[in-house]
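The values are calculated or read from the model by the stated rules, or taken from the named source; none is laboratory data. Remember, predicted model here, so these are calculated numbers, not experimental data. Cβ: placed from backbone, ideal geometry, glycine included. Neighbour counts: every protein chain shown.
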Amino acid sequence: MDEFTLSRTFINLIIATKWTIILSLIAFVGGGLVGALIALMRISSNKLLSRISWLYIEFFQGTPLLLQLFLAFFGFSVVTGINLSPLVAAAIALTAYTSAFLGDIWRGSIQAVPRGQWQAASAIGFGYFDQLRLIILPQAVRLAIAPTVGFLVQVIKGTSLASIIGFTELSRAASLINNVTLQSLLIFGLAGLIYFALCYPLSTWSQQLEKKLAYK
Amino acid sequence: MTSLQTELNGKSTATLEKPPIIVAKNVEKTYGNGFHVLKGVSLTVNKGEVVVLMGPSGSGKSTFIRTFNGLEPYQKGSIEIDGTPISNGKKGIELVRREVGMVFQQFNLFPHLTVLKNITIGPIKLRGLSKADAEQAAMELLEKVGIAHQAKKYPGQLSGGQQQRVAIARALAMKPKVMLFDEPTSALDPEMVREVLDVMRSLAESGMTMVCVTHEVGFAREVADRIIFLTEGNLIADTTPDQFFNNPKEERLKTFLSQILH
Ligand SMILES: Nc1ncnc2c1ncn2[C@@H]1O[C@H](COP(=O)(O)OP(=O)(O)O)[C@@H](O)[C@H]1O
Ligand SMILES: [Mg+2]
């Protein structure tokens, strides 16, 4: 009986892990795309675009992710009358949250490339987007890897907050199983191990990537 | 007979006369903070001429030569490069920049690209050269500046002098009509200054039109056709090296020379 419970528990946690991974991937991809746009707007010489993206970054960095989840889940239906599923609401909130942080990290990486690089590219005759694409971004990417991956690890852990709006990912599954079996240490211990197994490879991968991309 | 001769003479001097490559007229610039850095500076540089620009630190030398390729916008006056006006916020400034090579004090090589790629990226992307053609041309240039054997290295693996020679080759690869040098040896250790000046010297001998900001007196004396002197945003001397060093008239220039000639 005990063994049956353990394997059942484990299978349920693994199934829920699938949703943690899906939600993380949505946040990475959505947040990455929007974040790239935010970073480009932030460094633009157009004052309006730059201001808008500044505001976006400040808002989503300056408010708790939990509140953003509430806003997406409850706020959206109040304003539009449409009820979002927990998955969609969580995806929207995590994308916004991730994009603000990645946008800011990438802005910083781009601006950390010395001004002389822009000038040299410009002096050769490259236009703005060629300068960015051929000269600046390849250098900025190297600077961005460590903080980007570091933040993605935060995002994976951050998906656990989606449990509060009723989305059954790893944390919520663990909590539900615990309510039935009351084997807290075992269940939350297992969930912790699964989170670790998701996050740890990312960190080591980032270190390898950094080494591989170093000059020379 | 005499009239025919004058006509012929007139024609021959007209074709012999070097056409102007840079024509700057009354260029004025004020920085965003209100600093009036160029106060109406005029300069004409003819094809094949080597002009050395000297002046105290902060006099506006860098700002001035950077207006020639649109790296610095200016507010009043006009600048033409080989007949094409350089004006603020104008589309197509990139096309003029291809014709104007620039070498910076800090080299500004692209650290993520090999020496060879630093040189070929412009010709391949902007001049439409094939990779093979661009690389062949790049190797010839590297040969000329004496570092062909370093082609596969990254800039960070080279000495300052070598990096600056690559930077010169990179600018030359675009086949510019004029080369601008902004204190190309100021960031170098003393033992590396010469290798860079030698490259500049042979470039001048090959007939390249050059404007060089430099305090290298030997180079200015031997290589420059003219030396111009900028102080506090005004161009107060435009003369031969001999006049400049041996017979300076302006007080400000005399003071300057007494400082750099020890
Ligand atoms: N972006 C800027 N904003 C305001 N002042 C500047 C800027 N760049 C340069 N200056 C000032 O303009 C003056 C001329 O600078 P620069 O052209 O670099 O002189 P030089 O090359 O002769 O040393 C200096 O006093 C410098 O402090
Ligand atoms: Mg200067």
Does at least one position in the stretch B:200-222 carry a residue that is in contact with a Leu (Cβ under 6 Å, 6 or more places away or on another chain), away from every other protein chain (no Cβ under 14 Å) and more than 16 Å from ligand 1 (Cβ to nearest atom)? yes
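Each row is one residue, and each column tells you yes or no for (1) touching a Gly at 6+ places or on another chain (Cβ under 7 Å); (2) within 30 Å of B:Phe181 (Cα to Cα); (3) in contact (Cβ under 8 Å) with a residue 12 or more places away in the chain; (4) surrounded by fewer than 18 Cβ atoms within 10 Å (Cβ to Cβ).
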site: A:Gln117; (1), (2), (3), (4): no, yes, yes, no
site: A:Pro138; (1), (2), (3), (4): no, yes, no, yes
site: A:Val141; (1), (2), (3), (4): no, no, yes, yes
site: A:Ala144; (1), (2), (3), (4): no, no, yes, no
site: A:Asn179; (1), (2), (3), (4): no, no, no, yes
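Restricting attention to the stretch B:191-205, which residues are free of Cβ contacts under 8 Å to residues at least 40 places away in the same chain and under 11 Å from B:Met179 (Cβ atoms)?
B:Met200, B:Leu203
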Within the bounds of the stretch B:163-172, is there any residue that is away from chain A (no Cβ under 14 Å), within 21 Å of A:Ala121 (Cα to Cα) and either without any contact (Cβ under 8 Å) to a residue 40 or more places away in the chain or within 14 Å of ligand 1 (Cβ to nearest atom) (or both)? yes
Picking from B:Leu180, B:Leu188, the residue that is more than 16 Å from ligand 1 (Cβ to nearest atom), of a type in the set (A, V, I, L, M, F, W, C) and touching a residue at least 24 places away in the same chain (Cβ under 8 Å) would be B:Leu188
Just checking, does the stretch B:167-174 include any residue being at pLDDT below 95 and more than 16 Å from ligand 2 (Cβ to nearest atom)? no
Looking at (1) within 16 Å of ligand 2 (Cβ to nearest atom); (2) away from chain A (no Cβ under 14 Å), which is the only condition B:Gln75 fails? (1)
Taking the stretch B:128-157 on its own, how many of its residues are of a type in the set (D, E, K, R), surrounded by 16 or more Cβ atoms within 10 Å (Cβ to Cβ) and within 14 Å of chain A (Cβ to nearest Cβ)? 1
Please list, ordered by first then second residue, the pairs with beta carbon atoms under 9 Å, 6 or more apart or interchain, first in the stretch B:93-108 and facing another protein chain (nearest Cβ under 7 Å) and free of Cβ contacts under 8 Å to residues at least 60 places away in the same chain, second among the charged types (D, E, K, R) and more than 16 Å from ligand 2 (Cβ to nearest atom). B:Glu94/A:Asp130
Considering (1) within 14 Å of another protein chain (Cβ to nearest Cβ); (2) buried (at least 20 other Cβ atoms within 10 Å of the Cβ); (3) hydroxyl-bearing (Ser, Thr, Tyr), say which one A:Tyr128 fails and leave the rest. (2)
Give the residues of the stretch B:56-71 that are crowded, with 21+ Cβ neighbours inside 10 Å, within 15 Å of B:Thr214 (Cβ to Cβ) and more than 9 Å from ligand 2 (Cβ to nearest atom), sorted by residue number. B:Phe64
